Amino acid sequence: MRPPSMRSWPSLLLLGACLKQSPIPGDDTDTSLPAALEAVDCVNAPAVTWEGWAEGMMRTHCQGCHASTTPNRYGAPEDVTFDSEDNARHYRNRIYQRTLVDEDMPPAGGLSEDDKTLLTVYLACGL
């Protein structure tokens, strides 16, 4: 197979931008964890729970667009809500990808390094 010509790069970049909006492979219905989450040492990690940390973090950083009662979701998909721990569990891989890998969520600004660490532990061990 021949490599794409330089003229096709803009088209490839546009395709990549469109693909980013598509569902992330393995998310939502895939219960397997990404390798980075599998590698977390849950035995020695701090206890991070929905009630103790994640619910407040979701309320502060996510539910402005991703609550079922939010009147203006600013383009967030209607079916992606973080109202409960079950929602977080269902979207665990998407949360991981968008906040910790792509770092494009939350759109108003990223999480602190401490919050990223706690979110990693929560996604790997708390759910």
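The values are calculated or read from the model by the stated rules, or taken from the named source; none is laboratory data. Just so it is clear, the model here is predicted, and its values are computed rather than measured. Positions of Cβ are generated from backbone atoms using ideal geometry, with glycine treated the same way; all protein chains shown enter the neighbour counts.
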Seminar exercise, completed: For segment 74-85, the count of residues that are free of Cβ contacts under 8 Å to residues at least 40 places away in the same chain and closer than 21 Å to Cys42 by Cβ equals 0
Exercise. In segment 17-35, is there at least one residue being of a type outside the set (S, T, N, Q) and at pLDDT 90 or above?
Worked result: yes
For this session: Among the residues of segment 36-58, write down those that are modelled with pLDDT of 95 or more, more than 14 Å from the chain's Cα centre (by Cα) and part of a helix (DSSP H, G or I).
Result: Trp50, Glu51, Gly52, Trp53, Glu55, Gly56
For this session: Please go through segment 94-127 and pick out each residue that is of a type in the set (A, V, I, L, M) and outside any loop (DSSP other than H, G, I, E, B).
Result: Ile95, Leu100, Val101, Leu118, Leu119, Val121, Leu123, Ala124
For this session: Kindly establish whether Met58 is in contact (Cβ under 8 Å) with a residue 24 or more places away in the chain and under 19 Å from Gly126 (Cα atoms).
Result: yes
Seminar exercise, completed: Scanning segment 71-93 for residues that are part of a loop (DSSP other than H, G, I, E, B) and surrounded by 16 or more Cβ atoms within 10 Å (Cβ to Cβ) gives Ala76, Val80, Thr81, Phe82, Asp83, Tyr91
Seminar exercise, completed: Picked from segment 86-127 (must be polar (S, T, N, Q) and in contact (Cβ under 8 Å) with a residue 24 or more places away in the chain), the residue farthest from Ala76 (Cα to Cα) is Thr120
Exercise. Does segment 106-117 include one or more residues that are farther than 23 Å from Ala35 by Cβ and in contact with an Asp or Glu (Cβ under 9 Å, 6 or more places away or on another chain)?
Worked result: no
